[in-house]
Each structure stands twice: as structure tokens, then as C-alpha cells.
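The values are calculated or read from the model by the stated rules, or taken from the named source; none is laboratory data. Nothing here was measured: the structure is a model prediction, and the numbers come from that model. All Cβ positions, even for glycine, are placed from backbone atoms using ideal geometry, and neighbour counts span all protein chains on display.
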Amino acid sequence: MKLNKKFFIIFPLLIALSFLFGCAGLEFAPKKGVWMYPKELVSADRAVTTAQKTGKDKECPVEFKDAKMATEKAYDTYLKCNTKEAIAMAKDAEAKTKALCPKHPKVIAKFTLTINFDFDKSKIRKSDKEQLQKAIEFIKKYPNNKVILQGHTCSIGSKKYNLKLSERRALATKKYLVKNGALDPQRITTEGMGEESPVASNKTKAGREKNRRVEILILEN
């Protein structure tokens, strides 16, 4: 009977000690049914939580989703006993999360290109040349300033697809402006905003046409 009592006292202590020394570099952060994880994974997960608390999941939802998924993949990889790979993935995921929604210098002027891209298209139409010429003249008023071209879409299609489509629209606009306006391509950057910033209702055809646009932002030096 005494042996049994000693066993029940010593055995848990041995388990606790082996757990303590065997988990060097791990942090207590229960997730997916596991209590301890490498600190890199925990840090990446905390970065996602912080980003969500500060509203970045709404400010740049597509990029936030990608960063969150990258973090989850790091956890899944760790649970498959690929520790080194998981740590590397977690570091990349944290860097991606911390780089979410970059802030630009102050916008001092704005011009909206109402060239109304056809649905699912990024091709510049001949009928839009007058508007594009106005855009060239607008940019030339600020010869020393950086310029951002933001592409936008309507809400038809998936958010991921529309993000890529808006990027193509912004890039197509940049190519036209540089080629036909003798503008310095190094001054102009492009961004795809997807369907996140509508200027009209996506419930009507007219509203969707207005949302398929490119906005020109002139940045403060």
C-alpha cells in the first residue's frame, strides 16, 4: 500500500519534470487541442488577433484573410511534426500580418476615372480616351509628386477574383497613361481595391458600372 502511495506521488512529478524540460522554447497557448506551441507560432497568432482588434480585418479583408490562413497553415504543419517548416511559415505569416494595410502619405488631390470598364474586363476602350487625356493633364499638374492608381470593381464575382481584376484594371490604366502621356512610370504605383469601396449601389446595372473605375491619388511629398 505504501508503494502505491509513493508511486502516485512520484509518477506525476516525473511526468511534470519531463514535460517542463521537454518543452523548452514552447509557450502555453492552447489551440487545436494542443497546449504548448513554439513561440514563433504563438507570436504569429497574437499578431493576427492584434490586427483584428485594430480593424484591419475590415480595412483590408482579403489580405487579412490571407495572413490568417498562413498562420493556420503554420499550426497545421507543426501538428504534422514538421517543426522547422512550421516555424519558418509562422515567421513569414507574422511578417505578412504586421505589414497589413500600409499607410500612404497624405492625399492632396484626387481624380476619378469614370471609364466604366466592361464587366469582367480590364481593357481600355476607345470611347474612354477623352477621360484618359484629362487624367494625363491632371497628373502633369503635379510633376514632382508620387501617384497611386487604385482599381475598383463591382460586387459580381468572388472577393478574391475581384481583387485581382481591380489590380489588372489599375495596371492597364498605368500602361496607357505612361505610353500616351510620357509620364515617368517610377512615379506611379498601382493598387487593387476589389469591391470594398463602392461609390454606388451594386444592386443596379448603373451602380455597378460606376463602381468599375480607377481613382488617381496624388500624394504629398
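Check I115 against each of (1) in a helix (DSSP H, G or I); (2) buried (at least 18 other Cβ atoms within 10 Å of the Cβ) and name the one condition it does not meet. The number of the failed condition is (1).
Does K141 fit the bill of being assigned by TED's automatic domain parsing to the domain that holds A29 and either aliphatic (A, V, I, L, M) or modelled with pLDDT of 90 or more (or both)?
So K141 fails the test.
Scanning the stretch 193-212 for residues that are basic (K, R) and assigned to a loop (DSSP other than H, G, I, E, B) turns up K203, R212. Just so you know, in the stretch 182-205 the residues that are of a type in the set (A, V, I, L, M, F, W, C) and surrounded by 13 or more Cβ atoms within 10 Å (Cβ to Cβ) include one that is nearest to the chain's Cα centre (by Cα), and it is M193. Residues P12, P61: which one is farther than 30 Å from N162 by Cβ and modelled with pLDDT under 90? Exactly one of P12, P61 is farther than 30 Å from N162 by Cβ and modelled with pLDDT under 90, namely P12.
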